[in-house]
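Reviewing the structure listed below.
FYI, it's all coordinate maths here, none of it is from the lab. These numbers come from a predicted model, not from an experiment. Positions of Cβ are generated from backbone atoms using ideal geometry, with glycine treated the same way; all protein chains shown enter the neighbour counts.
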Amino acid sequence: MRGLVLFHAIRSAVLALFFLVALPALGEEPMRFDKEPLLIRTAAGKTLHFTVEVAVTDDQRAQGLMFRKTMAEDAGMIFDFGESRRVAMWMENTILPLDMLFADNTGTIRHIKENATPYSRDIIDSMSPVKYVVELNAGVVGKLGIEVGDRIMSATTTKTK
């Protein structure tokens, strides 16, 4: 009998702890991002079309594409850092492999990291001051021939120069 009482007490404590932790999380809405068209003009003269989510706040930039399981082939995210600076990113809690385009305040791509490894804590460095980072599905850079020197253009890049 004593064991049964102990079992119920432990079970009640575990359930209480679960609800204490889980219920606030269930009530939170997922972070929302505005979307906008983004063009990449290549040195070869091609114009590539994407629809990207826009991360402009500290919270949005911290969340980014973490925990996403899928993303359309022509989709991505643009991070606007508000000013040109050296940027360090990582892939912790990011399920999707990504290509990252690091662009200066004119939208010119200055560095590219292809096929960033999911869940990695390795630092991905912009290598120079940048204002924007665009994340696309891994493989898009190679498939479409995007290179350093190409330019990104969107409502974000044209309004915040």
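What is the sum of charges around MET71, taking Lys and Arg as +1, Asp and Glu as -1, for the other residues whose C-beta is under 10 Å from the C-beta of MET71? Walk me through the numbers before you get to the answer.
Working: positive: ARG68, LYS69; negative: GLU53, GLU73, ASP74, GLU135.
Result for the local shell: -2.
For region 84-143, what ratio Rg/Rh do Cα atoms give with a Kirkwood hydrodynamic radius? All intermediate terms of the calculation are to be shown ahead of the outcome.
Working: Rg = 11.0 Å, Rh = 11.4 Å.
Radius of gyration relative to Kirkwood radius: 0.96.
Spelling out what I want: for every residue of region 82-88, take phi, set θ = phi - 60°, compute 6.51 cos²θ - 1.76 cosθ + 1.60 (Karplus), and round to whole Hz; glycine and proline get x.
x, 8, 6, 6, 6, 10, 10
Sequence gap of 8 or more, or different chains, plus Cα separation below 17 Å: how many lysine pairs satisfy both in region 68-161?
Numbers: LYS113/LYS131; LYS113/LYS143; LYS131/LYS159; LYS131/LYS161.
Qualifying lysine pairs in region 68-161: 4.
Give me the one-decimal nm value for the distance between modelled label points at ALA62 and GLU147, 7 Å along each residue's Cα-to-Cβ direction.
Going from the ALA62 label point to the GLU147 one covers 4.0 nm.
Between ASP74 and SER128, what is the label-to-label distance in nm when each label sits 7 Å out along the Cα-to-Cβ direction?
About 3.1 nm separates the two model spin labels.
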